[in-house]
Amino acid sequence: MNCDKARERMVDAWAGRPIDGEFRQHIDGCSACREEFANMSRTWEGMSKWPDEEPGPGVRARFYQMLEAYEEGRRERESPKPAGWWSWWRQPSFQIGFSVAMLALGIFAGTAWHGSRGSTEDVVALKSEVQNMRQLVALSLLQQQSASDRLRGVNYSYRVEPSDMEVLSALLRTVKSDPNINVRLSAVDALRQFGDSPVARRGIAQALGRQDSALVEVSLLDLVRELRDKDALPEVRALADKPGVDPAVRERAKLIADQLSR
């Protein structure tokens with residue numbers, strides 16, 4: 001088991017599911033993962049000691065959005081079966097969503113509690129832990145087999161910092177190779193928040209030549225034009241000259257190439 005797989009299993013551990021021997025063996029042998037797991041576990045345990053607070057409207061709305069997204073994914077299965085709310089809890093995507101909702105509630109309570117005591121360092125540390133959790137959830141969902149889960153992973157990417165290179169890399173991989181067109185289109189939109197990054201701009205340009213969907217090609221072309229990325233001009237021209245490309249895509253590529261070259 002490598003470190004990336006171990007981070008995915010950490011979510012299972014915090015959700016209360018049994019830890020298998022392979023995960024435990026990796027944690028015992030990898031000091032970096034062991035430290036990360038210990039730090040996040042302490043944060044998780046510490047939240048359970050905070051007083052209960054009434055969730056704000058934003059947390060509640062996101063929570064029910066996650067439930068609705070889960071329902072959509074459940075209906076996509078080949079043999080759907082009616083299930084009660086307890087079976088929802090057994091689903092990894094529901095557990096991840098519930099955990100993040102509770103974490104958001106925890107940081108609200110923690111901010112208020114620490115703020116009254118002037119302990120800003122603890123609040124900053126807690127916010128950092130929340131960012132780490134958001135990153136972990138986004139990366140985990142983007143690797144799921146269900147397209148609806150991957151769409152939610154793209155949605156979670158909006159909650160990380162624009163400097164998060166791991167999530168950026170995952171979004172670029174999604175745009176280039178995800179089998180679902182809707183997931184790729186959503187990932188293109190999510191890349192806008194990383195538009196100031198040279199890595200993002202280069203990855204967007206490279207993705208132009210790896211598409212089998214005219215819709216995704218047009219979306220990428222529009223993003224290149226929006227970012228005014230003159231460095232992407234060779235890729236835009238190559239798409240315009242590509243044999244067999246959709247005529248509408250070809251015309252759009254020529255137009256944008258002309259705009260970028262001015």
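Quick notes
- Normalised contact order of segment 170-262, rounded percent, pairs of Cα under 8 Å and 6 or more residues apart: 24 percent
- Here, segment 170-262 has an Rg and a Dmax of 11.9, 36 Å when only alpha carbons are counted.
- Estimated FRET transfer efficiency when R0 is 22 angstrom, pair residue 131-residue 19 (beta carbons, to 0.05): 0.35
- The slack between residue 242 and residue 41, meaning 0.36 nm per residue of separation minus the straight C-alpha distance, is 67.2 nm.
Here, each number is a calculation from the coordinates, and none is a lab measurement. As the structure is a prediction and not an experimental result, all values here were calculated from the model. Positions of Cβ are generated from backbone atoms using ideal geometry, with glycine treated the same way; all protein chains shown enter the neighbour counts.
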